[in-house]
Amino acid sequence: MLYKKVEDAINAQINAEMWSAYLYLSMSAWCAKNGNPGMANWFEIQFREEQDHARILFNYVLQRGGEVKLAAIEAVPTEWKSPLDVFEATLAHEQKVTGLINSLYALATDEHDYATQSMLKWFIDEQVEEEENAQNYIDNLRMIGDNGYGLFMLDKELGARTYTTPSPLAGK
Ligand code: MG
């Protein structure tokens, strides 16, 4: 069974992951409109991954005999100034999500909920990657500056990203 406090916090995290998905879908639309189809592809995959994060938590609540409660997803931003601005917003957002995951882990620790701590370890590792990826693209974009060829090449690289099912959802 799940402690009520932990169940409520995981339900809140499901909503945060769905908001992340919505944010990245919005970024994908902006990139497509701005003439960066590769970046649009990269954010579309982010969108799918965030839905996966929500599904991992969703499955876990049900597996522990808890109750999933889906709340409204708030509106997301729709405008950014540049590709660099989009990736800076991505890093800032992922840093916020890392804080949420850490708080959830701290709560599970306080409640002596070892199963939830174990499940959250995947998310802790995932956040390290999310922040690293966003930071790498920020570094690339700062180096490129206004160089059209550099932007073209980076867009091509981001366009090559393909979706892979995260391990907790493999076979589900
Ligand atoms: Mg996430």
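Brief remarks follow.
- Taking first residues from region 73-98 that are modelled with pLDDT under 95 and partners that are aliphatic (A, V, I, L, M) and in a loop (DSSP other than H, G, I, E, B), no Cβ contact under 6 Å between residues at least 6 apart in sequence or on separate chains turns up.
- Residue in region 104-113 that is farthest from the ligand (Cβ to nearest atom), counting only those that are outside any loop (DSSP other than H, G, I, E, B) and without any contact (Cβ under 8 Å) to a residue 24 or more places away in the chain: Asp110
- Residue, least open to solvent (accessible area, probe 1.4 Å), within region 28-50, restricted to residues that are closer than 25 Å to Leu151 by Cα and within 10 Å of the ligand (Cβ to nearest atom): Gln46
- Scanning region 45-75 for residues that are in a helix (DSSP H, G or I) and either more than 11 Å from the chain's Cα centre (by Cα) or among the β-branched types (Val, Ile, Thr) (or both) turns up Ile45, Arg55, Ile56, Leu57, Phe58, Asn59, Tyr60, Val61, Leu62, Gln63.
- Beta carbons closer than 6 Å, at least 6 apart along the sequence or on distinct chains, pair a first residue in region 10-27 that is more than 9 Å from the ligand (Cβ to nearest atom) with a second that is part of a helix (DSSP H, G or I) and open to solvent by 20 Å² or more (accessible area, probe 1.4 Å) for Ile14/Phe58; Tyr24/Phe47; Leu25/Phe47.
- Any chance Val68 is open to solvent by less than 60 Å² (accessible area, probe 1.4 Å), within 16 Å of the ligand (Cβ to nearest atom), over 19 Å from Leu151 (Cβ atoms) and of a type in the set (Val, Ile, Thr): no
- Ile14 being surrounded by 20 or more Cβ atoms within 10 Å (Cβ to Cβ) and under 21 Å from Gly99 (Cα atoms): yes
- Matching residues in region 123-152 - criterion: being within 16 Å of the ligand (Cβ to nearest atom) and open to solvent by less than 60 Å² (accessible area, probe 1.4 Å): Phe123, Ile124, Glu126, Gln127, Glu130, Glu131, Asn133, Ala134
- Check on Lys96, within 12 Å of the ligand (Cβ to nearest atom), open to solvent by 80 Å² or more (accessible area, probe 1.4 Å) and within 20 Å of the chain's Cα centre (by Cα): yes
- Scanning region 83-93 for residues that are open to solvent by 40 Å² or more (accessible area, probe 1.4 Å) and more than 16 Å from the ligand (Cβ to nearest atom) returns Leu84, Glu88.
- Test for Thr116: is it within 14 Å of the ligand (Cβ to nearest atom) and surrounded by 11 or more Cβ atoms within 10 Å (Cβ to Cβ): no
- Some residue of region 58-65 being touching a Phe, Trp or Tyr at 6+ places or on another chain (Cβ under 8 Å) and open to solvent by less than 20 Å² (accessible area, probe 1.4 Å): no
- Residue under evaluation His53, criteria (1) buried (at least 22 other Cβ atoms within 10 Å of the Cβ); (2) under 22 Å from Phe152 (Cβ atoms), criterion not met: (2)
- Test: residue in region 159-172 that is within 16 Å of the ligand (Cβ to nearest atom), outside any helix (DSSP H, G or I), without any contact (Cβ under 8 Å) to a residue 12 or more places away in the chain and closer than 28 Å to Ala29 by Cα: yes
The values are calculated or read from the model by the stated rules, or taken from the named source; none is laboratory data. Predicted model only: the values in this text are computed from it and were never measured. Cβ: placed from backbone, ideal geometry, glycine included. Neighbour counts: every protein chain shown. Calculation scope for accessible area: heavy atoms of the full protein, side chains included, ligands and nucleic acids excluded. Shrake-Rupley method; radii C 1.70, N 1.55, O 1.52, S 1.80 Å.
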